[in-house]
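In what follows, a structure is listed as structure tokens, so that the remarks can point back to it.
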Amino acid sequence: MARSEHPTESSRSTIVVHCDDCGDVRLAPHEVTIRTCVDDGGVTYRFVCAQCGLPSVGSTSAAAGRRAVEAGSQTEEWTYPGELFETHEGSAIDGLDVLAFRALLREPDWFDDLLRVHVERGGHAGRER
Ligand SMILES: [Zn+2]
């Protein structure tokens with residue numbers, strides 16, 4: 001996927017961001033948060049669209065992000081979820097596992113069944129009864 005250059009225009013008063021539903025939208029710098037990923041250095045931004053009112057995100061270049069911050073945007077850092085670095089045992093989840101899980105969710109006591117299996121395998125129930 002091509003990296004967008006949004007926010008493309010930073011001035012003292014507006015930044016152009018891209019909403020997937022509304023297209024290019026102008027916002028005040030303080031309405032855009034520039035996000036930097038600590039793990040890969042990628043720069044993204046988040047905002048609430050002024051037209052549709054929905055939260056949205058986009059990727060941008062480091063230079064465009066820097067210009068937005070200079071214009072008054074807030075910054076934040078984020079890291080990959082810790083689960084990415086966990087060691088997993090067993091085979092990967094496949095389509096049959098997903099179908100079995102969907103069938104399980106139709107059962108009224110699915111959560112209690114899940115807890116029971118977890119505890120039987122040596123896990124902790126996580127709540128006192
Ligand atoms: Zn929108």
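Taking the criterion of being of a type in the set (D, E, K, R) and more than 15 Å from the chain's Cα centre (by Cα), the residues of the stretch 46-70 that qualify are 66, 67, 70.
Looking only at residues that are of a type in the set (Ser, Thr, Tyr) and touching a residue at least 40 places away in the same chain (Cβ under 8 Å) in the stretch 70-129, which one is surrounded by the most Cβ atoms within 10 Å (Cβ to Cβ)? Quick ask: steps written out before the conclusion?
Of the residues in the stretch 70-129, the ones of a type in the set (Ser, Thr, Tyr) are 73, 75, 79-80, 87, 91.
Still in the list and also touching a residue at least 40 places away in the same chain (Cβ under 8 Å): 73, 75, 79-80.
Details: 73: 23, 75: 14, 79: 10, 80: 11.
Among those that are of a type in the set (Ser, Thr, Tyr) and touching a residue at least 40 places away in the same chain (Cβ under 8 Å), it is 73.
The residues in the stretch 51-97 that are within 16 Å of the ligand (Cβ to nearest atom), farther than 16 Å from residue 35 by Cβ and not aliphatic (A, V, I, L, M) can be counted, and the count is 3. Checking each residue in the stretch 29-50 for being within 16 Å of the ligand (Cβ to nearest atom) and not in a strand (DSSP E or B) picks out 31, 49, 50.
Restricting attention to the stretch 7-28, and to residues there that are loosely packed, with under 15 Cβ neighbours inside 10 Å and away from the ligand (no atom under 16 Å from the Cβ), which single residue is modelled with the lowest pLDDT? Here the answer is 11. Selection over the stretch 31-43 of residues that are of a type outside the set (A, V, I, L, M) and more than 10 Å from residue 76 (Cα to Cα) gives a count of 5.
The values are calculated or read from the model by the stated rules, or taken from the named source; none is laboratory data. Keep in mind the model is a prediction, meaning the values are calculated, not measured. Note that each Cβ is placed from the backbone with ideal geometry, even for glycine, and that neighbours are counted across all protein chains shown.
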